[in-house]
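The numbers here are math on the coordinates, done by the rules we state, and not lab data. The model shown is predicted, which means the values in this text are computed figures rather than measured ones. Note that each Cβ is placed from the backbone with ideal geometry, even for glycine, and that neighbours are counted across all protein chains shown.
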């Protein structure tokens, strides 16, 4: 499957509002042409890292990145640091309303730093993030420009898509309209990436200046239409934000993960000078994106399943109905689904005949789920290669023959079980099931030392889908 981001690298000039000077300066690369002169120059000096939790469990909750001030501690080789968090919402309205907008379908986190010593800066950045439980993978120039295309709205665009069109209440980049906001009193940053139906990107830059810190903070909302932006801005009324009318196109640059240390003093409204105590609150949340199966009745929150990671994810589900629901919500979060079994499933799923395991590797923007429906010969879930795809095996009825799968699976989802089946699971997962007594209408989710009792509510479209 073609990654749509690869289509935007070099395209002929086809939009009348294109900034020809920027296009020429960027060497004909539309992604680079989105960047201002300062960011374009910094592409070869700034270091950008994709950041993920070091041990991301499938059943997981949001965790905090260290504040940027941790990267700028005494002895640092860095002159500036930046964090960018980009989220995209799930598609159907019914599903978004059911999960109360609490979980993004996809979330990406990048950290970018500036330094005159690139080698020392790379080691320092990785070490600081590792001490806080995160892995940082450095991106090359092409990888950074792919991120710019994603954030700037070029990833889904065409040759006729506008590059940049400036406006007072919003600006247009690529195929999306963008509106930018800033804040002085730090709000809860996790609240800035949970929106009903728009993409959200939070960018924070920090640099030392005269014993204090200079900070740039921008929240960017992106949508194909300005009406959705206005609805999201209304929803944001509870957060103390300032809309950057007339400066949206320039403010977007703070959400691009190419670190240019903010200057001081500055006339720009989104530049702030603050003491270390305030700068230390510039932390962001990562993780927490994925497919919401239901309500965690113990933790009183929605617990997402992070099925798509930089490695294959494997799972066991105790009934076709549960697997059907997971498949439907996976499609809601933008992934493709193939069901391998004797019969196709009702819904927007592909179908593959029974046989050897045939997983299809996905991409970050187009992950893939393979559901193996009650196979006669159990597949091996060990030593799978690739990334951004998951394999779920439907084990119905669950029996002793499934123990080898349970031993290696990243996630196990089970509904109502007989006494022998409960005993079988206790043998695999020791005391977890004793701590989570079964309740009718709820399911148990088990994942590498983490367990949850989950209550499931279906949307009307899901009820219709699963009734067939």
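Measure nothing fancy, just the Cα-based angle from helix 118-131's long axis to the longest principal axis of the chain, in degrees from 0 to 90, nearest 10.
40 degrees
Starting from the Cα-Cα distance between residue 456 and residue 281, subtract it from 0.36 nm times their residue separation and give me the gain in nm to one decimal. Spell out each step's value before the answer.
Numbers: separation 175, 0.36 × 175 = 63.00 nm, distance 3.56 nm.
Value of the extension gain: 59.4 nm.
Multiply the residue gap between residue 212 and residue 245 by 0.36 nm, knock off their C-alpha separation, and tell me the result in nm, one decimal place.
Value of the extension gain: 9.1 nm.
With r as the distance between the Cβ atoms of residue 140 and residue 423 and R0 = 60 Å, compute the FRET efficiency 1/(1 + (r/R0)^6) and round to 0.05. Don't jump to the answer; show the numbers that get you there.
Working: r = 52 Å, r/R0 = 0.87.
Rounded to the nearest 0.05, the efficiency is 0.70.
Tell me the label-point distance for the pair residue 25, residue 439, using the 7 Å Cα-to-Cβ offset, in nm and rounded to one decimal.
5.9 nm
Could you tell me the relative contact order of the range 208-339? Use alpha-carbon pairs under 8 Å, at least six residues apart, and round to a whole percent.
The normalised contact order for the range 208-339 reaches 23 percent.
With volume of the Cα convex hull per residue in Å³ as the read-out, I listed (i) 287; (ii) 203; (iii) 153; which label goes with the value calculated from this structure?
Label (iii) holds the value from this structure.
Taking other Cβ within 10 Å of each residue's Cβ, how do 326, 439, 271 sort, fewest first?
Neighbour counts put them in this order, fewest first: 439, 271, 326.
What angle, in degrees between 0 and 90 and rounded to the nearest 10, separates the Cα long axis of helix 141-152 from the longest principal axis of the Cα atoms of the chain?
90 degrees
Can you grab the distance from the C-alpha centre of the range 46-91 to the C-alpha centre of the range 439-468, Å, no decimals?
Cα centroid of the range 46-91 versus Cα centroid of the range 439-468: 31 Å apart.
Under the rule of -39500 (n - 2.57) per DSSP H run of 4 or more residues, summed and divided by the residues of the chain, what mean residue ellipticity at 222 nm is obtained, to the nearest 500 deg cm²/dmol?
Details: 15 runs with 112 residues, N = 468.
Computed mean residue ellipticity for the chain: -6000 deg cm²/dmol.
Testing the spin-label approximation: label points 7 Å from Cα along Cα→Cβ at residue 343 and residue 382. State their distance in nm.
Here the modelled spin labels are 3.5 nm apart.
Sorting check: for 364-377, 328-341, which peptide has the highest mean count of neighbouring beta carbons within 10 Å, and how do the rest follow?
Working: 364-377: 19.2, 328-341: 22.0.
In decreasing order of mean packing, 364-377, 328-341 become 328-341, 364-377.
Determine, for each peptide in 209-215, 124-130, the mean count of other beta carbons within 10 angstrom over its residues, then list the peptides with the highest first.
124-130, 209-215
What full-extension length gain, to one decimal in nm, is calculated for residue 132 and residue 44 as 0.36 nm per residue of separation minus the Cα-Cα distance?
Details: separation 88, 0.36 × 88 = 31.68 nm, distance 2.74 nm.
Residue separation times 0.36 nm, minus the Cα-Cα distance, leaves 28.9 nm.
What angle, in degrees between 0 and 90 and rounded to the nearest 10, separates the Cα long axis of helix 419-429 from the longest principal axis of the Cα atoms of the chain?
Between helix and principal axis, roughly 40 degrees.
Give the relative contact order (percent, whole number) for the chain; include only Cα pairs under 8 Å separated by 6+ residues.
Reported as a whole number, the value is 17 percent.
In what sequence do 419, 170, 24 fall when counting other Cβ within 10 Å, fewest first?
Taking fewest neighbouring Cβ atoms as first place, the list is 419, 24, 170.
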